[in-house]
Structures are given as C-alpha cells and as structure tokens.
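Some notes on the structure that comes next.
The values are calculated or read from the model by the stated rules, or taken from the named source; none is laboratory data. Worth saying up front: this structure is predicted, and the values here are computed from it rather than measured. Note: ideal-geometry Cβ built from the backbone for every residue, glycine included; neighbour counts use all protein chains shown.
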Amino acid sequence: MTRQLGLALSAGLLASLLFLSVAKGIAFGALLSYLSPLPLMVVGLSAGMAGSVIASVAGLSAVALVADGVSALPFLALAVLPTLVVTNRALLWRKPDNDGPTEWYPPGLILAWLAAAGLGMLLVGVSLISGSPGGLKGWVREILTHTLDLLASDLPPQAKDRAVEWWTPFFPAMIFGSWLLMTVLNAILAQTLVTRTGQAQRPRPPYGQLWLPDWLAVGIVLTGGIATIADGDLAYVAKNLAVSLAVCFSFLGLADIHRRSRGRKNARLVLAVVYGLLILASGWAIALLAGVGLVRFWTMRFRRPASGGGMEG
C-alpha cells in the first residue's frame, strides 16, 4: 500500500512537471505538456481508480502551488478529467457466463465517453463566452488574431489574416480534435507500458475491433441539421459540434484501414502513407478517415451483434 501511494504521488508530480514545462519555456515544452496525462493513466491502469485519484489530486495541487489556481483548470481539462474517464471505464468488466471468458469494457465506448467529456467542456466554454459583442465567432477571431500577434509577430499581416480566416470557422472543433487525439494516444501508450511491464489490470483492448455507439452518428445528423437551418452563434456552435462528432469516426476509419491491411504484403507501406498524411496534412487526412469511418459505421450498422459497442470482428 505504501509503495502504491508513493508511485501515485510521484506520477502526479511528474504529470505536473510535464504540464508546466510549456509555461517554463523548456525546449519541446508543448510536446511534453501533451504527455502530462501519461503518468496519471499509467497509475490508473495499473493501480486502479484509487491510485488514479491520488495521482490526479497530487498533480492538481502541485500545479496550483507552483503556478496558480487558475492554471489548475487547464491541467484538470488536459490531464485529470480524461485520466479519470479512461481509468473508470477501462477497468469495467463482466462475466455473462460463470465459466466463460471475462468481457472488458470495449474501446469504442471508452472513446465515446471521452468524446462526451470533451464536448461537455466545449459547451461549458461556449456558455462562458456567450454574449460577446461580436458573437462567438467574432470572439474566436479576436483571440486568434491576438495569439498570432504574440507568437508570430514577424508574419506578414496578410498571412495572419488568411490564417485567422482559415482557423476561425472550426477552431472549437480543432481544439476538441487535438484534445481527443492526444488523450487517445496517451491512453494507448499507457496501456502498452503497463502491459509490457506486467502491471496491467486488463488485457490489451482489441483496437482493430473498434466500434462506436449510435448516439455519435445521430448527433452528427442533428447538429448538422441545426447548423443548416440556424444562424449566428447557434449555427456556429452546431457546426463545430457536428465536426467534433465526425472526428470521432476518424478513429473508426483508422481502425478499418488497420483491419483491411492486416496480412497484406504492402501493409506497412499503406500504414506509413496513412500516418504520413496524418502528420503532413492532418486536417484533410482526418476528414478522409472520418469519411471512411462513417461509411464503415453505416455499412456495418445492421450486421453487428445486439450488444454493440466494439466487439464485432
């Protein structure tokens, strides 16, 4: 018990150091800050929910003491909340038959819970800035302009204007997509680490059998419809929610490509091209993967088992 407590506290402190590296101007600080959920998830997936909570509280306390109380809020959103969701859902299991194998919570439903948490934070943020003089879109444009003035002061004014106009329409969805991607990558890496060290409480999830619940697809239809008929802030929010929900299906598209390439002679080349596109042209590549995922979802919609949630072959 003492050893687990020490590991949880150490993980919380390490997570806080990774998160604060970007504020302290450390080289590659932004990249390190994206890894701040990793120590918390490693503890959670190896020691359980209690260890996850202790590590999260330790990390929050360290950030609040070193920086300030306000800085603890981004740490809560970036590291603590996704860690608690992943740990809580990933360690759920059941045995429908006493003599049968253990069924672990499927990865598709874990992804859906993460999406719900991310969308919830997005809506909270929208509610806090609603009522801005220029509307939500105007507020986002102003923030982007100010950020570019600070971080890219040497950039020509026309280039800044083009960047702002390009990012403004879907900036909330971009933030959501970045958050979800980094959360998923940290969760997969944490599960890999605890599995290889023999500390995992659950076996490696069947990522190739990823499936998503119906509400994500229904949400795209509903928010897309609202974005079409509404205007102003409501249309802006609905459009970004629709794109955010579509991002979830990019993971289904990627899983489908992995599944189809398995056993092929050129599998490595295909996957190298896919991941290369994700790095070089992430926006277009994610949109393409989301399209593949949506096609996969609808073509398999009536062929999956009644339980759903990601256990189909």
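No other residue among 125, 135, 120 is surrounded by 12 or more Cβ atoms within 10 Å (Cβ to Cβ), among the small types (Gly, Ala, Ser) and modelled with pLDDT of 85 or more apart from 125. Considering the conditions (1) touching a helix residue (DSSP H, G or I) at 6+ places or on another chain (Cβ under 8 Å); (2) surrounded by fewer than 14 Cβ atoms within 10 Å (Cβ to Cβ); (3) over 30 Å from residue 50 (Cα atoms), residue 231 is excluded by exactly one of them, (1).
Got at least one residue in the stretch 280-289 being surrounded by 17 or more Cβ atoms within 10 Å (Cβ to Cβ), in contact with a Ser or Thr (Cβ under 6 Å, 6 or more places away or on another chain), among the hydrophobic types (A, V, I, L, M, F, W, C) and farther than 30 Å from residue 135 by Cα?
First, the residues of the stretch 280-289 that are surrounded by 17 or more Cβ atoms within 10 Å (Cβ to Cβ): 285-286, 289.
In the following step, the residues that additionally are in contact with a Ser or Thr (Cβ under 6 Å, 6 or more places away or on another chain) were identified as 286, 289.
Filter again for among the hydrophobic types (A, V, I, L, M, F, W, C), leaving 286, 289.
Pick out the ones that are also farther than 30 Å from residue 135 by Cα and you get 289.
Within the stretch 280-289 (the criterion being surrounded by 17 or more Cβ atoms within 10 Å (Cβ to Cβ), in contact with a Ser or Thr (Cβ under 6 Å, 6 or more places away or on another chain), among the hydrophobic types (A, V, I, L, M, F, W, C) and farther than 30 Å from residue 135 by Cα), the answer is yes, since at least one residue qualifies.
Counting only helices (runs of 4 or more DSSP H) that sit completely within the stretch 126-230, those holding 3 or more residues that are within 20 Å of the chain's Cα centre (by Cα) and of a type in the set (Gly, Ala, Ser) correspond to 171-196. Residue 149 falls short on exactly one of the conditions (1) in contact (Cβ under 8 Å) with a residue 60 or more places away in the chain; (2) of a type outside the set (Gly, Ala, Ser); (3) surrounded by fewer than 18 Cβ atoms within 10 Å (Cβ to Cβ), and that condition is (1).
Quick one: would you say residue 64 is small (Gly, Ala, Ser), in a helix (DSSP H, G or I) and touching a residue at least 12 places away in the same chain (Cβ under 8 Å)? No.
Looking at 51, 69 in this structure, which one is assigned to a helix (DSSP H, G or I) and either surrounded by 24 or more Cβ atoms within 10 Å (Cβ to Cβ) or out of contact with any Lys or Arg (no Cβ under 9 Å at 6 or more places or on another chain) (or both)?
Exactly one of 51, 69 is assigned to a helix (DSSP H, G or I) and either surrounded by 24 or more Cβ atoms within 10 Å (Cβ to Cβ) or out of contact with any Lys or Arg (no Cβ under 9 Å at 6 or more places or on another chain) (or both), namely 51.
Please verify whether residue 196 is in contact with a Leu (Cβ under 7 Å, 6 or more places away or on another chain), among the charged types (D, E, K, R) and either more than 17 Å from residue 19 (Cα to Cα) or surrounded by 19 or more Cβ atoms within 10 Å (Cβ to Cβ) (or both), treating the condition exactly as stated. Against the criterion (in contact with a Leu (Cβ under 7 Å, 6 or more places away or on another chain), among the charged types (D, E, K, R) and either more than 17 Å from residue 19 (Cα to Cα) or surrounded by 19 or more Cβ atoms within 10 Å (Cβ to Cβ) (or both)), residue 196 does not qualify.
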